[in-house]
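Here the structure is laid out as structure tokens; the discussion comes afterwards.
Since every read-out is calculated from the coordinates, none of them should be taken as a lab result. Given the structure is predicted, the values throughout are model-derived calculations rather than measurements. Cβ placement follows ideal geometry from the backbone for every residue including glycine, while neighbour counts extend to all protein chains displayed.
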Amino acid sequence: ESFAQILASDLQDGHGSRVFPRNLETATNLPGDCVAQVEHAVNLMQSQEQKKGGTTSFGRCLKLALTDGHKVIFGLELIRCPCFTSEPPRGTKVCLRNVPVKDGMLLLQPDNINVLWTP
């Protein structure tokens with residue numbers, strides 16, 4: 001398969017390599033580069049009323065459910081990441097690079113996450 005085909009595939013279908021450590025809860029860093037898929041995203045700064053009405057808030061703090069195809073972990077946007085203009089849709093592929101981890105949560109900021117492909 002080409003890299004483009006892998007990016008367009010669903011990692012939940014077994015196309016992903018196991019890149020998330022089993023002991024993420026005790027880890028302090030996710031080292032190196034890895035590709036993950038967004039399973040779900042929510043802006044924690046947007047109320048339910050704003051979501052229903054289609055309005056947005058001025059602040060943003062994304063919480064992402066990410067998978068490598070074998071395990072789902074969560075990431076929190078500490079600093080606004082310009083690679084996301086809104087909540088990324090399911091299937092978006094991201095590159096994670098040397099991400100700090102706190103209590104099993106990836107701490108996302110512009111220098112450690114980049115969008116590779118969006119459905």
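Tell me, what HN-Hα J-couplings in whole Hz come from the Karplus equation 6.51 cos²θ - 1.76 cosθ + 1.60 at θ = phi - 60° for each residue of region 36-41, using x for Gly and Pro?
Coupling constants for region 36-41: 9, 10, 6, 9, 7, 9 Hz.
Please find, in a Gaussian network model of the chain (springs between Cα atoms separated by less than 10 Å), the residue of 76, 24, 96 whose mean-square fluctuation is greatest.
24
Name the shape class, rounded, prolate or oblate, that the alpha-carbon gyration tensor gives for region 70-117, where a ≥ b ≥ c are the square roots of its eigenvalues, rounded holds for a/c under 1.5, and otherwise prolate holds if a/b is larger than b/c and oblate otherwise.
On the way: a/c = 1.62, a/b = 1.19, b/c = 1.36.
Here region 70-117 falls in the oblate category.
Rounded, prolate or oblate: which one fits the chain, using the alpha carbon gyration tensor with axes a ≥ b ≥ c (rounded when a/c is under 1.5, else prolate when a/b beats b/c, else oblate)? Before the final figure, lay out the partial values.
On the way: a/c = 1.87, a/b = 1.31, b/c = 1.43.
Oblate, since a/c reaches 1.5 and b/c is not below a/b.
Apply the Karplus curve 6.51 cos²θ - 1.76 cosθ + 1.60, θ = phi - 60°, to the phi angles in region 94-104 and return the couplings in whole Hz, x for Gly and Pro.
Coupling constants for region 94-104: 10, 9, 9, 9, 6, 8, x, 10, 9, 6, x Hz.
Given a Förster radius of 41 Å and the C-beta distance between residue 18 and residue 45 as r, what FRET efficiency does 1/(1 + (r/R0)^6) yield to the nearest 0.05?
Values: r = 33 Å, r/R0 = 0.80.
Result of the calculation: an efficiency of 0.80.
Distance in nm between label sites at residue 26 and residue 70, each 7 Å beyond Cα in the beta-carbon direction?
A separation of 1.8 nm, rounded to one decimal place.
Can you list the residues, at least 5 places off or on another chain, whose amide H is less than 5 Å from the amide H of residue 108, using H built in the peptide plane?
HN-HN under 5 Å from residue 108: 76, 77, 78.
What longest region of the chain stays clear of trypsin sites (Lys or Arg not before Pro) that DSSP places outside H, G, I, E and B and that have at most 15 other Cβ atoms within 10 Å?
Values: sites that count: 18, 22, 71, 80, 90.
The reported range is 23-70.
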